[in-house]
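Inspection log for the structure reproduced underneath, given as structure tokens.
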Amino acid sequence: MPGMEVYGAEERKEVMDVLETGVLFRYGHEHLRKGMWKAAEFEEEVCKQTGANYAHAVSSGTAAVTSIMAATGIGHGDEVIVPPYTFVAPIEAVFLAGALPVFAEIDETICLSPEGIEAAITPNTKAVLLIHMCGAAADLDGILEVCKKHNLVLLEDCGQAMGASYKGKSVGLHGAAGAFSFDYFKITTCGEGGMTITNKEEIYKNIDQVADHGHTHEGNNRGMEDHYIMGSNFRIGEINAAIGLAQMRKLPWILEQNRKNKKYIKDRLKKIGGLTFRKMDDELGDSATFLNFFVPTKEKATELFAQLAEDGVGGVANWYTNMYHFINQWDHIKEIKFPSKLAINDLGAPQDYKNLSLPKSEDVISRLVSIGISCTWKEDELAAYTDKVITSIKKVL
Ligand SMILES: Cc1ncc(COP(=O)(O)O)c(C=O)c1O
């Protein structure tokens with residue numbers, strides 16, 4: 001993935017700044033830190049690039065989702081509409097917040113669809129946790145309309161979509177708040193880290209306090225401020241923030257390369273015939289970490305993945321069978337397995353998780369092929385890789 005591909009001297013320089021002062025903590029210690037506030041700079045850079053009024057860095061993408069849910073009042077007993085195709089982190093976050101996940105259908109956007117959301121709404125629905133999968137935005141116009149009509153809070157998990165936008169506005173700013181991941185597998189990484197963004201001051205203040213035991217960070221003596229709410233520890237450290245800052249500065253270049261490389265492969269794949277591509281309302285806003293396409297049937301997809309493996313073509317993801325990204329691999333979640341009691345154990349599940357019927361999602365994910373895009377491919381490497389992919393596809397279609 002791009003973030004780890006471009007790790008280099010710039011990241012090391014930012015980290016060395018921190019190691020030289022020894023101030024690993026993001027707050028206080030003004031007399032030691034020689035004016036360096038990496039977490040704050042990281043947040044400023046994210047505001048600059050996303051256009052958000054507020055950003056608050058946290059320790060992981062999971063912590064970011066947890067923080068935005070708490071900060072917008074989503075928790076105990078609230079039904080939250082989620083997709084059956086995502087990395088499991090946000091689904092776990094909903095359970096652990098005491099809320100109740102309700103699985104709804106996705107469509108060829110590979111994200112929740114407006115129709116899927118509408119069909120899953122009950123009188124107890126409080127929020128939609130929209131997950132912008134594989135680097136690009138969902139059908140935000142349609143989803144915002146449904147949320148407005150039913151008075152639902154829209155939260156955006158942009159864990160996989162830093163740099164993506166929808167009709168000119170960054171993902172994460174279309175609803176109440178957005179959450180990003182900077183783990184090692186993302187377009188920008190700091191090893192482990194997360195980011196929240198919002199345009200609403202009240203939500204930002206809640207996130208800031210939730211992520212640090214209720215400290216308001218007013219004045220310059222953390223711990224001596226008034227405390228209005230409880231929180232927890234979702235803080236990012238200065239070393240991780242330093243790396244995140246260097247990576248964010250590289251994001252414009254990464255986006256440019258990703259988009260160029262994705263377009264090259266897509267243009268060539270279009271000529272084969274028989275393939276369809278991920279539906280995107282605003283392809284220009286795609287961060288282009290993946291090229292997603294569909295083959296006509298589940299059987300053809302199985303054949304293609306086998307062929308790609310036989311031909312030694314790497315970097316192609318089959319989410320239907322691996323990596324815990326689709327609900328068919330989530331028995332532990334469907335059985336609500338956790339070492340301690342969760343709210344849902346007392347409140348009851350809103351759906352029969354073990355017997356869910358999500359035929360549209362099943363159809364879409366069983367036919368989905370995702371090619372990971374590298375931002376460092378040289379022209380000849382890209383051409384040779386694309387040749388190999390096309391040869392495998394032609395053998396199967
Ligand atoms: C959509 C999505 N949300 C949240 C997360 C969790 O991020 P983290 O690993 O930083 O906790 C991930 C991680 O893969 C993700 O893909």
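Values quoted throughout were computed directly from the atomic coordinates according to the rules given, and no laboratory measurement underlies them. The model shown is predicted, which means the values in this text are computed figures rather than measured ones. Here Cβ is always computed from backbone atoms with ideal geometry, including for glycine, and neighbour counts include all displayed protein chains.
Packing, as the average of other Cβ atoms within 10 Å across residues, places the peptides 83-89, 46-52 in the order 83-89, 46-52, highest first. Value of Rg to Rh for the stretch 202-258, rounded to two decimals, is 1.17; Kirkwood radius and Rg both from alpha-carbon coordinates.
Within the same chain, lysines fewer than 8 places from Lys34 are excluded, and of the rest, those with a Cα less than 17 Å from its Cα are Lys13. Pairs Lys279/Lys360; Lys48/Lys169; Lys263/Lys388; Lys126/Lys360; Lys169/Lys271: which exceed 20 Å Cα-Cα? Checking Cα-Cα distances, Lys126/Lys360; Lys169/Lys271 exceed 20 Å.
Taking label positions 7 Å along the Cα-Cβ direction at both His76 and Met4, the computed distance is 4.1 nm, reported to one decimal. Taking the Cα centre of the chain as origin and assigning +1 to Lys and Arg Cβ atoms and -1 to Asp and Glu Cβ atoms, the resulting dipole is close to 800 debye.
Label-to-label distance for Thr321 and Lys337 is 2.2 nm, based on points extended 7 Å past Cα in the beta-carbon direction. The simple Förster model, with R0 at 41 Å and r as the Cβ-Cβ distance, assigns Lys298 and His150 a FRET efficiency of 0.80. Centre-to-centre separation between the Cα atoms of the stretch 264-298 and those of the stretch 137-199: 22 Å. Normalised by 2.2 N^0.38 Å, where N is the number of residues, the C-alpha radius of gyration of the chain stands at 1.00. Along the axis of the charge dipole computed for the stretch 111-170 (Cβ charges of +1 for Lys and Arg, -1 for Asp and Glu, origin at the Cα centre), the listed residues Leu155, Ile143, Ala120 are led at the positive end by Leu155. Note on Cys47 and Ala384: the model spin-label points, each 7 Å out from Cα along the C-beta direction, lie 4.7 nm apart. Placing +1 on each Lys and Arg Cβ and -1 on each Asp and Glu Cβ, with no other charges, gives the stretch 22-155 a dipole about its Cα centre of roughly 700 debye.
In terms of packing, defined here as the mean over residues of other Cβ atoms within 10 angstrom, the peptides 251-260, 5-14 line up highest first as 251-260, 5-14. Of the residues Glu303, Glu218, Glu118, the one that moves most in a GNM of the chain with alpha-carbon contacts below 10 Å is Glu218. For Lys148, the aspartates and glutamates whose Cα falls under 13 Å of its own Cα, not counting residues fewer than eight places away in the same chain, are Glu118. Which distance in Å, rounded to a whole number, links the C-alpha centroids of the stretch 324-342 and the stretch 39-110? The two parts, judged by their Cα centres, are 18 Å apart.
Along the charge dipole of the stretch 45-178, pointing to its positive end and built from +1/-1 on Cβ of Lys, Arg, Asp and Glu, which listed residue (His56, Leu173, Ile110) has its Cα farthest out? Comparing the listed Cα positions along the dipole, His56 ranks first. Maximal additional length on extending the His31-His227 stretch stands at 68.0 nm, based on 0.36 nm per residue less the C-alpha distance.
Antiparallel beta bridges, as assigned by DSSP with both residues in the chain, represent about 60 percent of the total such bridges. Dividing the helix sum by the residues of the chain, where each DSSP H run of 4 or more adds -39500 (n - 2.57), gives a mean residue ellipticity at 222 nm of -12000 deg cm²/dmol.
Taking springs between alpha-carbon atoms closer than 10 angstrom, which of Val18, Val65, Val313 fluctuates most in the Gaussian network model of the chain? Between Val18, Val65, Val313, it is Val313 that shows the largest mean-square fluctuation. Each peptide in 22-33, 158-169, 206-217 gets a packing score, the mean of other Cβ atoms within 10 Å over its residues, and the list from highest to lowest is 158-169, 206-217, 22-33.
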